[in-house]
Amino acid sequence: MNPADAAPVLELAGIHKQFAGIPALQDVRLRLYPGEIHALMGQNGAGKSTLIKVLTGVLEASGGQMQLAGEPVWPDSPLAAQRLGISTVYQEVNLCPNLSVAENIFAGRYPRYGLAQGFRIDWGTVNRRARELVARMGLDIDVTRLLSSYPVAVQQLVAIARAIGIESKVLILDEPTSSLDDDEVQKLFEVLRRLRGEGLAIVFVTHFLNQVYAVSDRITVLRNGTWVGEWRASELGPQALIAAMLGRELAAQSTAAAPPEFDDAAPALLLAEGLGQAGQLQPMDLRVRAGEVVGLAGLLGSGRTELARLLFGLETPDRGMLRIDGETVAFSNPAEAIRHGLALCPEERKTDGIVAELSVRENIALALQARMGMRRFLSRAEQTVLAERFVQAMGIKTVSVDTPIGLLSGGNQQKAMIARWLATEPRLLILDEPTRGVDVAAKQEIMEQILRLAKAGMAVIFISSEMSEVVRVAHRIVVLRDRRKVGELPAGSSEDAVYELIAAEHV
Ligand SMILES: Nc1ncnc2c1ncn2[C@@H]1O[C@H](COP(=O)(O)OP(=O)(O)OP(=O)(O)O)[C@@H](O)[C@H]1O
Ligand SMILES: [Mg+2]
C-alpha cells in the first residue's frame, strides 16, 4: 500500500466551485490510490461534500481537471460517475422508506428475466442478491420488509450495501458512520478493509477523529474551501490534524470537563415512574431536576430515542406515570409537552427537523413561533434578531440568515436545529445525538453551551453515542440496554464503567 508504487486511480487538480459567485472550493486537489482508505477532513462548511458532489457529477465544477486511471473524465451525472466505477453514498442518504430493503438496493438496476419472460424483474434474484449484500455488511435483516421498519443505522448500512453492490473502483462515503453505534462502525470498517484489500480506493468523511486513525491510510484536509495538505495518517497526529482543519490549535478540553454544581435537594422537574410502552420500552423510572444534565447511554436500539419520544408526547405511554413539577401529565402530542416547557431536538434532522426551502431565520424561529401560538406572530425583524444571535453563538456558517437552510453544510444545519430548540428557552431540553455530524470545534461549543445552560437552571437530557461526551457533561448517567434501564452512574464515572454496565450479563 505504498502510494509511490502505484499510479493514482483518481486525480483531481485545480478544482474550483462557486455558488452564486461565492467560492466554495478554490484550487482543491485530491489523489486516490487503489487499495487505500483516504479520509477527507475539514470543519463544517469546509467543502467536503461539495468536492464529492463535483467529482460524482452532482454539481458542475467551475474549473479544474479530473483523471480516472490516467484518462481525463468529467461525469455529468451520478449515473455517469457510477458507470465509470465511482460509487457514492451521499451525506443525506436518499433512500425510499416505503420500498423494501431489496428494492432500495436494486432500484433502477433490477436483475431481469430474459426476452421469453418479457424482461420482467426477477424478484427471486433481487431478494437473494440483496440478502447476500446485507450479509456482507454483517446485517441480519429481512430484505423483503420495508426499509422504514428498520432504524436509521440499518438504513445507512443499506445505502452502503447499495453502493458496494456496483462494480466500483472508487467508493465514496460522506459521513457514513454518523448514525452508527460502535459495533456497527466496527462492522463497517471490516467491510471497508475487505474492499480495500480488493483494490478499491475509498474516500471517507467523518467528524470522529478516532475513526480516521482506525481505518485511514492517508488524509486530505480542506479548510474554508481550500486545500491544506495531504498526509499519511501515520505522519499526522490528532493534534496536528485538528490544527490543519482549524488553522489553529483547539483549546484544551479540560477547562469545561466537569459539569457544574446543581442543587441536590431540588425537587424533580420531570419524574417518570414505571413509564413504558409495550414493545418499545420496558417500564422505567427517571428523575431530572432543574440544572441537572442527565445522560442517556446505551447502544443503538437500546431505547434512548424511544424514551425521548415518550417523554415528549410523540408516543403515548401505556403504563406508568409522568409528572412535571409534581403535576401528573399525559401528553398526547408534542405541543402539550412544549407548553409544559419541554423541547426535543430530534436525532434525524432531515426527516424530523429542517425545512429545506425555508431560510435559516425561519427554521430557527419555527419552534418558538409554534410555542407562542397563532395569536402573536414574530415579525421578520424579531426573527432576524433571534436568528443572528444564534448564528453568532453557535458559529453557524451561512452567507446570511435569509439563506435557505438546505444550502448550508450538513453540520451547520445540525447547529441550526439545536438553535431552534434553544430559542424556545425550554425548562427541559432533550438532545438526541446533538453532536452528530458537527466538527470537533463545534462539538466542544455545543458541550460548553449545554453546561452553560444547565448552570442557568435548564434541565437537560443528553443522548449521545459518544461515551466520552456523556461522561463529560452528565451529572448522572442512565444506562439503557435492550429497551430497559439497567442502571445509573454518578458524575465522574469513567467511559469503561458505562461500557461495563452496558455489557453486563443479561438478567
Ligand atoms: N447548493 C449550494 N448553494 C449555495 N451554497 C452552497 C451549496 N452547497 C454548499 N454550499 C456552501 O458551500 C460550503 C461548503 O459546504 P459543504 O457542504 O461542502 O461543507 P462540508 O465540508 O461538507 O461540511 P459538513 O461537515 O458540515 O458536512 C458551505 O459554506 C455551504 O453553505
Ligand atoms: Mg458535508
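No lab work stands behind these numbers, since they all come straight from the coordinates. Just so it is clear, the structure is predicted and the values come from calculations on it, not from any experiment. Neighbour counts are summed over all protein chains in view; Cβ atoms, including those assigned to glycine, are modelled from backbone coordinates with ideal geometry.
Of all beta bridges that DSSP places with both ends in the chain, some 55 percent have antiparallel geometry. Across the range 355-425, the mean sequence separation of Cα contacts (distance under 8 Å, 6 or more residues apart), normalised by length, yields a relative contact order of 51 percent.
The order of the peptides 126-138, 417-429, 316-328 by mean Cβ neighbours within 10 Å, most packed first, is 417-429, 126-138, 316-328. For the range 332-462, relative contact order (Cα pairs under 8 Å, six or more residues apart, normalised by length) works out to 33 percent. Largest first and in whole Å, the equivalent-ellipsoid semi-axes of the range 355-425 read 19, 12, 11, each the square root of five times a Cα gyration tensor eigenvalue. Let's test the formula: R0 of 30 Å, r as the Cβ-Cβ distance of Thr125 and Val355. What FRET efficiency results, to the nearest 0.05? Once the sixth-power term is evaluated, E becomes 0.15. Computed packing ranks the peptides 18-26, 384-392, 215-223 as 215-223, 384-392, 18-26, most packed first, by mean other Cβ atoms within 10 Å. Measuring between alpha carbons in the structure, the pairs from Lys415/Lys455; Lys187/Lys415; Lys169/Lys415; Lys187/Lys443; Lys187/Lys397; Lys17/Lys169 lying more than 27 angstrom apart are Lys187/Lys415; Lys169/Lys415; Lys187/Lys397. In this rough spin-label picture, where each label sits 7 Å from Cα along the Cβ direction, the Asp76-Asp264 distance is 7.1 nm. For the chain, state the average projected area of the convex hull of the C-alpha atoms over all orientations, rounded to one decimal in nm². Here the figure is 25.9 nm², rounded to one decimal. Just to confirm the filter: which GluC sites (Glu not before Pro) across the range 332-387 are DSSP coil and have at most 15 other Cβ within 10 angstrom of their Cβ? Here the GluC sites (Glu not before Pro) that fit, given the DSSP loop and packing criteria, are Glu348, Glu357.
For the pair Arg389 and Ala6 in one chain, pulling the backbone fully straight at 0.36 nm per residue adds 132.8 nm over the alpha carbon distance. Given their separation in residues at 0.36 nm each and the Cα-Cα distance between them, Phe19 and Glu425 gain 142.7 nm when the chain is fully extended. Scalar couplings 3J(HN,Hα) for the range 111-122, obtained by applying the Karplus form with A = 6.51, B = -1.76, C = 1.60 to θ = phi - 60°, are x, 10, 6, x, 4, 4, 9, x, 6, 5, 5, 8 Hz; x denotes Gly and Pro. Temperature 25 °C, viscosity 0.890 mPa s: under these conditions the Stokes-Einstein estimate for the range 3-249, based on its Kirkwood radius over C-alpha pairs, is 131 µm² per second. Each eigenvalue of the Cα gyration tensor of the range 256-401, multiplied by 5 and square-rooted, gives one semi-axis; in descending order these are 30, 19, 17 Å.
Taking every DSSP bridge with both residues inside the range 295-437, close to 50 percent are antiparallel. Sequentially through the range 97-109, phi angles give Karplus couplings (6.51, -1.76, 1.60; θ = phi - 60°) of x, 9, 10, 6, 4, 4, 4, 5, 5, 10, 3, x, 8 Hz, Gly and Pro residues having no value and appearing as x.
Taking a virtual spin label 7 Å from the Cα of Ala243 along the C-beta vector, which residues in the range 432-474 bring their backbone nitrogen under 17 Å of it? The answer is 441, whose backbone nitrogens lie closer than 17 Å to the label point. Here the range 356-504 is described by how far its Cα atoms reach on the three principal axes: 53, 32, 28 Å, from widest to narrowest.
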